[in-house]
């Protein structure tokens, strides 16, 4: 399922009609046709039009419902996270006074420490809203989030200090609203490929060292202009969400198919393109790579759908005996050694450019 996001739609946040899941509300609201109950050993098959339960099914012993694949899977390799409506066991001690010491708030927007968090009536937070939220609390010289044992970040002391510490203080926000991927049925889950630990380490690297003669702009030469860096970061994350994070993929995916068949030679180019024959414009010619006909490599990422094609690969050889074949989604099997071509006529995976 395509989830192309415009650049300014930085954060996708699906509205929820209920805060917890039980057999009575599991099929309410938008979502996939199969939805787990708390504990994930049982799932409901839903009529998404009528928003009613068709049937409940229980997974075999040792397996639970996999929200990513939308089937029962071994518990050790499965992601499933459903909030229960069961009453909490805590606190175990009775209140010390009959009445609460804090009266209920009458402010519908929610205020704490002088900071307002307005309710957003749509599924999208705009780029400006994100920037205002991420910079709403005055940054400090030490992290404001609860320290973790892995990794432990030290306060910044350079001119980029305010920018870096502001980003670090928003770890929970970024993890919950940015580093989020989606199943083929539209169910959100924490990205496996993109984590805050790696993101923050990479951000520090491109700020302090950069790559080549390029560095990440975190301010305009003055530590108090860190808002420029936040805008820069928001634009970068928006693009990353649109291109990679939502799919939980750090490589190009095999997405061009005909009648459920995906040519393995799509790694040579999709939509009629031939990657190895493409060259950079003159002003970027220094980035052009020679074609390596002996290269043999396999990507990491594959799609989130059931029986999705495997990661792209390339290896030497073409012609009879080297046909790459296709991936059949109806069976989840690679049919190799037949001359099944991509849109550009390639039947092998030899000779990618680096």
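The values are calculated or read from the model by the stated rules, or taken from the named source; none is laboratory data. As the structure is a computational prediction, the values presented were derived from the model and not from experiment. Here the Cβ positions follow ideal geometry from the backbone for every residue, glycine too, while neighbour counts run over all protein chains shown.
Filter region 234-259 down to residues that are closer than 22 Å to residue 338 by Cα and surrounded by fewer than 18 Cβ atoms within 10 Å (Cβ to Cβ) and give me whichever is modelled with the lowest pLDDT.
Within region 234-259, the match that is modelled with the lowest pLDDT is 259.
Checking the condition in contact (Cβ under 8 Å) with a residue 12 or more places away in the chain, surrounded by 16 or more Cβ atoms within 10 Å (Cβ to Cβ), more than 29 Å from residue 186 (Cβ to Cβ) and out of contact with any helix residue (DSSP H, G or I) (no Cβ under 7 Å at 6 or more places or on another chain), which residue from 323, 262 passes?
Answer to the check: 323.
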